[in-house]
Amino acid sequence: MTGGVTSSLGKGIISASIAKLLQARGFSVTNQKLDPYINIDPGTLNPYEHGECFVTEDGAETDLDLGHYERFSNVPTSQANNITTGRIYLSVIEKERRGDFLGETVQVIPHITDEIKYRVKLLGNDGRFDFVITEIGGTVGDIESLPYIEAVRQMKWELGHNCIVVHLTLVPYLAAAGELKSKPTQHSVKNMLEQGVQPDIIVCRTEKPLTDSLREKVALFCNIVPTSVIESIDAQTIYEVPILMQQEKLDVEILRKMNVESIQEPDLKSWEEFLFKLKHPLCEVNIGLVGKYVELKDAYKSIMESFVHAGTANQCKVNLKMIHSEDITPENAVEKLKDLNGILVAPGFGERGIEGKITAIRHAREKQIPFLGICLGMQCAVVEFGRNVLGFEGAHSKEMNPRTKFPVIDIMEAQKKVSGKGGTMRLGSYPCTLRDGSTIFNVYKQKDIAERHRHRYEFNNKYIQEYEQAGMLPVGINNQDNLVEIIELKDHPWFVGVQFHPEFRSTVANPHPLFVNFIGAAILHGGAPCGK
Ligand code: GLN
């Protein structure tokens, strides 16, 4: 999957939709993303640069497109599913230092392109997947994408019809001319042809339906048949895209090009049921998302999508109100947080906006509003309870105040000797045991769970008894490291803090129980029939 004309056309969603459609025909699929930047992974990028950092089961810090892949296909991804130029070069340079290429000049072609091809084929080699759908980040024509397009050229040559290229472009509508324009698409395909790659299928992102004459024009100028020109019209929700792609026969065209027989008639029944419920909610709730990146639409992507899944499971529309934590003060909290049926305090790093988060949590605790704290959100709940219930004046996380008298959140033992920042947090899936009879046990309905993590700090066990006695209960424990993973309040209808990230496991097929239950609690806390 390549992209032309501009970025942000939705390559990730089209890739995920292709996976969904092939899966619906009985094939096993995996999605992969190749990112042409030099960071080894996006773990060190801040959300202003690259949106959310998604975390896989095996602890890879990845591009947020992997979240879309998992949410659509319900198949977990791994380290091998997101590769950057940095990682490719690192591995080639390590091989060079080891002496693997002794005597050879190490070059972009063949060494870098071989490494790229190796990383793509790796996913196909172990027989788990019928299709590997690899998305190349960026836009054709970017200097940094050149080795990737060259690798695609070589793979097409080596694999014949077992490798095809789906190219996504923009077909702009010029209001003044009253016309859709195919020229940018022609140019981006020319650019690919100059690099030796003929796209097999062209998906045209458009605001208006493609006319037959436009399809024919694209086909003629880009050397493909008109049925290989696929319309991708703006959709109400990303979850509609697989259905739209099916109507355009994108899956049929892919199988035809690859000479593959379909295993079964496409089965998208449960997907369609999900879409129906999503579009026909019976009630609505207002949820406040308190964080410091609320102005960025991609910073809390997985949390937002988890609310779509959980709302749909409750047949309830979730109106997400983004609230900037720096704007909340004890004086304006009532006003800023009014009309909310639930409050979520987001994950994060660093001091900025922390007092606003703590104030929002106090409001949720005292006014008995359903509350979910994720990672830093859970840590802030512990700090708030320490300060305002246990009377620990100036209680804090050592991340924010290393000299606090009450370090209720402390650095994890294993993190003390860590100095580098890349890939060094406690990352990926770890087990957790739930306390019988707790709210959280009722949510999961099982004792042993596993969830994904990304953190350096933890609840300080020194204070565990005081918290327990005062009513903040450590109800989820990782027994290996004796680490508090979940806290909940005894005297509150629904107040849960989790050290892990449930949002990374929520999918259309499996909405996360924590979010589903949280929305259930929000409905009870004054959710209204739709339109009221
Ligand atoms: N900054 C906190 C820690 O490192 C929380 C991290 C997070 O919210 N992902 O422990």
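Taking region 139-149 as the search range and keeping residues that are open to solvent by 30 Å² or more (accessible area, probe 1.4 Å) and in a helix (DSSP H, G or I), which one is nearest to THR113 (Cα to Cα)?
That would be LEU146.
Please enumerate the residues belonging to region 41-64 that are in a helix (DSSP H, G or I) and within 21 Å of LEU90 (Cβ to Cβ).
PRO42, GLY43, THR44, GLU49, HIS50 - these are the residues of region 41-64 that are in a helix (DSSP H, G or I) and within 21 Å of LEU90 (Cβ to Cβ).
What are the pairs with Cβ atoms under 6 angstrom where one residue, in region 489-515, is without any contact (Cβ under 8 Å) to a residue 24 or more places away in the chain and the other, located anywhere, is open to solvent by less than 10 Å² (accessible area, probe 1.4 Å)? Sequence gap at least six, or different chains.
Sorted first by the residue in region 489-515, then by its partner, the pairs are LYS490/GLY471; ASP491/GLY471.
Restricting attention to region 381-400, and to residues there that are within 12 Å of the ligand (Cβ to nearest atom) and of a type in the set (D, E, K, R), which single residue is surrounded by the most Cβ atoms within 10 Å (Cβ to Cβ)?
Checked region 381-400; the qualifying residue surrounded by the most Cβ atoms within 10 Å (Cβ to Cβ) is GLU399.
Quick check on region 261-270. Is at least one of its residues buried (at least 22 other Cβ atoms within 10 Å of the Cβ), in contact (Cβ under 8 Å) with a residue 40 or more places away in the chain and farther than 23 Å from PHE504 by Cα?
No - not one qualifying residue is present in region 261-270.
For every residue, the table says whether it meets (1) open to solvent by less than 40 Å² (accessible area, probe 1.4 Å); (2) without any contact (Cβ under 8 Å) to a residue 60 or more places away in the chain; (3) under 26 Å from LEU376 (Cα atoms); (4) part of a loop (DSSP other than H, G, I, E, B).
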| position | (1), (2), (3), (4) |
| --- | --- |
| GLU273 | no, yes, no, no |
| LYS277 | no, yes, no, no |
| GLU284 | yes, no, no, no |
| TYR293 | yes, no, yes, yes |
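Would you mind stating whether VAL218 is hydrophobic (A, V, I, L, M, F, W, C) and surrounded by 16 or more Cβ atoms within 10 Å (Cβ to Cβ)?
Spelling it out, VAL218 is indeed hydrophobic (A, V, I, L, M, F, W, C) and surrounded by 16 or more Cβ atoms within 10 Å (Cβ to Cβ).
I'd like to know if region 354-372 contains one or more residues that are within 19 Å of GLN465 (Cα to Cα) and more than 14 Å from the ligand (Cβ to nearest atom).
So far as region 354-372 goes, no, none of its residues is within 19 Å of GLN465 (Cα to Cα) and more than 14 Å from the ligand (Cβ to nearest atom).
I'd like the full set of residues that are part of a loop (DSSP other than H, G, I, E, B) and in contact with a helix residue (DSSP H, G or I) (Cβ under 7 Å, 6 or more places away or on another chain), limited to region 510-526.
Within region 510-526, PRO511, HIS512 qualify.
Which one of these is under 30 Å from LYS279 (Cβ atoms) and in contact (Cβ under 8 Å) with a residue 24 or more places away in the chain: ASP327, ASP339?
ASP339
Got at least one residue in region 89-99 being open to solvent by 20 Å² or more (accessible area, probe 1.4 Å) and among the acidic types (Asp, Glu)?
Looking for residues that are open to solvent by 20 Å² or more (accessible area, probe 1.4 Å) and among the acidic types (Asp, Glu), one finds at least one in region 89-99, hence yes.
Among the candidates ALA16, ALA24, ALA80, which residue alone is of a type outside the set (D, E, K, R) and over 24 Å from SER262 (Cα atoms)?
ALA80
Could you please find all residues in region 209-246 being among the aromatic types (Phe, Trp, Tyr) and farther than 26 Å from TYR69 by Cα?
PHE221
Just checking, how many residues over region 222-240 are surrounded by fewer than 22 Cβ atoms within 10 Å (Cβ to Cβ) and either in contact (Cβ under 8 Å) with a residue 60 or more places away in the chain or closer than 14 Å to LEU180 by Cβ (or both)?
Counting residues in region 222-240 that are surrounded by fewer than 22 Cβ atoms within 10 Å (Cβ to Cβ) and either in contact (Cβ under 8 Å) with a residue 60 or more places away in the chain or closer than 14 Å to LEU180 by Cβ (or both) gives 5.
Filter region 430-482 down to the residues that are over 30 Å from GLY391 (Cβ atoms) and within 15 Å of the ligand (Cβ to nearest atom), then identify the one that is most open to solvent (accessible area, probe 1.4 Å).
TYR430
Any residue in region 373-400 that's more than 20 Å from GLY288 (Cα to Cα): show its pairings with residues that are near the ligand (Cβ under 9 Å from one of its atoms) and of a type in the set (Phe, Trp, Tyr) at Cβ separation under 6 Å, as long as the two are six or more apart or on different chains.
The qualifying pairs are SER397/TYR457; GLU399/TYR457.
Could you check ASP327 against (1) open to solvent by less than 10 Å² (accessible area, probe 1.4 Å); (2) more than 16 Å from the ligand (Cβ to nearest atom) and say which number it fails?
ASP327 satisfies every listed condition except (1).
The values are calculated or read from the model by the stated rules, or taken from the named source; none is laboratory data. What you see is a predicted model, and the numbers here were worked out from it, not measured in a lab. Ideal geometry is used to build each Cβ from the backbone, glycine not excepted, and the neighbour counts take in all protein chains shown. With ligands, DNA and RNA removed, areas are computed over all heavy atoms of the protein, side chains included. Shrake-Rupley method; radii C 1.70, N 1.55, O 1.52, S 1.80 Å.
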